[in-house]
Amino acid sequence: MTLDYLEIGKRISRRRHQLKMTQAAVEEKAGIGYKYLSNVERGISIPSTEVVMRLAMALDTTPDEFLVGTAIHNDEPWRTVADQLRPLSRKQLRLVSSFIDWMQNEEL
């Protein structure tokens, strides 16, 4: 599966506009750097798994909305997973990301 980062950025922007939030407000709420969201929304920067999770939390949705265009609003399990990811190191997050990639390719 190949991700279209320009489309992901458009989905993030669309959700942000739905909530009538500025880029600066989302950046602050998600704990990401100044102007980084602008680059993500324009497909210039490729967000890490952690950043996608932070943006989903800040924009009250699930990462699915950004990655594949579907969302599960008000669903608590994804919030639990997001909370579990927060304290992980970069190395641990890379491992989680690899596991997610593997799961997406498996027929379960």
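The values are calculated or read from the model by the stated rules, or taken from the named source; none is laboratory data. Given the structure is predicted, the values throughout are model-derived calculations rather than measurements. Cβ sites come from the backbone with ideal geometry, for glycine too, and all protein chains shown count toward neighbours. Side chains included, ligands, DNA and RNA excluded: accessible areas come from the protein's heavy atoms. Shrake-Rupley method; radii C 1.70, N 1.55, O 1.52, S 1.80 Å.
Any residue that is among the acidic types (Asp, Glu), farther than 22 Å from residue 6 by Cα and out of contact with any Asp or Glu (no Cβ under 7 Å at 6 or more places or on another chain) - is there at least one of those in the stretch 60-78? Within the stretch 60-78, one or more residues are among the acidic types (Asp, Glu), farther than 22 Å from residue 6 by Cα and out of contact with any Asp or Glu (no Cβ under 7 Å at 6 or more places or on another chain).
Number of residues in the stretch 1-14 that are assigned to a helix (DSSP H, G or I) and polar (S, T, N, Q): the value is 1. Taking the criterion of being at pLDDT 95 or above and either surrounded by fewer than 13 Cβ atoms within 10 Å (Cβ to Cβ) or among the hydroxyl-bearing types (Ser, Thr, Tyr) (or both), the residues of the stretch 1-27 that qualify are 13, 17, 20, 22, 24. Checking each residue in the stretch 39-58 for being closer than 13 Å to residue 9 by Cα and open to solvent by less than 50 Å² (accessible area, probe 1.4 Å) picks out 39, 40, 41, 43, 45, 47, 51, 52, 55, 56.
Looking only at the stretch 84-108, residues that are without any contact (Cβ under 8 Å) to a residue 12 or more places away in the chain and part of a helix (DSSP H, G or I) come to 11 in all.
Across the stretch 83-108, the number of residues qualifying as under 19 Å from residue 31 (Cα atoms) and open to solvent by less than 80 Å² (accessible area, probe 1.4 Å) comes to 4.
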